[in-house]
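S.K.: Take a look at the following structure, please.
Nothing in this text is a laboratory measurement; each read-out follows from the coordinates by a stated rule. No experiment lies behind these values; they were computed from the predicted model shown. Because the Cβ atoms are built from the backbone with ideal geometry, glycine has one as well, and the counts that use them run over all protein chains shown.
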Amino acid sequence: MHPIKYFWAARGFFSKLTFKHFGNMSYLGKPLYIEGKRRICVGNRTRIFPGLRMEALGNGSIIIGSNTVIEQNVHIISMDSELSIGDDVTLAPNVFITNVNHNYHDIDKSVMEQGYSKKKTVIGDGCFIGYGTAIQAGTVLGKHCIVGSNSVVKGDFPDNCVIVGAPARIIRRYNKETQAWQKEQ
């Protein structure tokens, strides 16, 4: 193990005292900012690299599964509902995940004065989220989805699909009957 990871493991050990749950053998690189630690759960063997910004605001909670990797400079924000990230997920660097949107109904007011809307956001087990991706409020990814770099994702996506673009769309799907990947029409 690289010497710096011993410090990360120590930080992970002490996180057990401040997080709602911080799993065994998990480690935490130096975070940028964490708010609402008592409403954040991290599973076992989860590796979190430096630069994390994670916010559980209001009654929001964040649940991160086991054996998940969160690379550098990831931002996760949950407000007044649960945001969940499954087991065996990889979040590449510079990923953003949220379950909250700014409202914009009154054109005579600043967006910052118009409140928020919250929507369920779930990342299924075994997903890979590519570099620079934004997962918007209301996104539900099935198991084993791959999201291409720099995608902007919103909506429901089934298990075993490849998603790319801004806005993101499915380009491949695994067909269990033929046991082969198929291009989307």
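S.K.: Can you pull the one-decimal nm distance between simple spin-label points at Arg169 and Gln185, each 7 Å off the Cα toward Cβ?
M.R.: According to this spin-label approximation, the distance is 1.4 nm.
S.K.: Next up: Where does region 16-71 land on Rg/Rh, using Cα atoms and the Kirkwood Rh?
M.R.: 0.93
S.K.: Taking 8 Å as the Cα distance limit and 6 or more residues as the minimum spacing, I'd like the relative contact order of the chain as a percentage.
M.R.: Details: 554 pairs, mean separation 21.0, N = 185.
Once normalised by length, the contact order is 11 percent.
S.K.: Show me the ranking of peptides 159-169, 46-56 by mean Cβ neighbours inside 10 Å, starting with the highest.
M.R.: Values: 159-169: 17.0, 46-56: 20.5.
In descending order of packing, they fall as 46-56, 159-169.
S.K.: From the residues Val162, Asn24, Ile34, which one has its Cα farthest along the dipole of the chain in the positive direction, the dipole being from +1 and -1 charges on Cβ of Lys/Arg and Asp/Glu about the Cα centre?
M.R.: About the Cα centre, the residue reaching furthest to the positive side is Asn24.
S.K.: If you don't mind, there's one more thing I want to ask. Please work out how much length the chain gains when fully extended from Val69 to Tyr104, using 0.36 nm per residue of separation minus the C-alpha to C-alpha distance, in nm with one decimal.
M.R.: 9.2 nm
S.K.: Here's a follow-up. If you count the DSSP beta bridges with both ends in region 3-183, what percent of them are antiparallel, to the nearest 5?
M.R.: Restricted to region 3-183, the bridges split so that about 20 percent are antiparallel.
S.K.: Now a separate question. Hey, of (i) 1.75; (ii) 1.21; (iii) 1.07, which did the structure itself give for Cα Rg over 2.2 N^0.38 Å when calculated?
M.R.: (iii)
S.K.: Could the peptides 14-24, 119-129 be put in order, highest first, of the mean number of other beta-carbon atoms found within 10 Å of their residues?
M.R.: Packing order, densest peptide first, comes out as 119-129, 14-24.
S.K.: What value, in deg cm²/dmol to 500, does the helix sum -39500 (n - 2.57) over DSSP H runs of n ≥ 4 give at 222 nm once divided by the residues of the chain?
M.R.: -2000 deg cm²/dmol
S.K.: Among Thr139, Tyr6, Asn44, pick out the residue whose Cα is farthest towards the positive end of the charge dipole of region 3-183, where Lys and Arg carry +1 and Asp and Glu carry -1 on C-beta, about the Cα centre.
M.R.: Checked the options; the winner is Tyr6.
S.K.: Assign unit charges at the C-beta atoms only (+1 for Lys and Arg, -1 for Asp and Glu), then state the dipole size of region 1-156 relative to its Cα centre in Debye, rounded to the nearest 20.
M.R.: About 580 debye.
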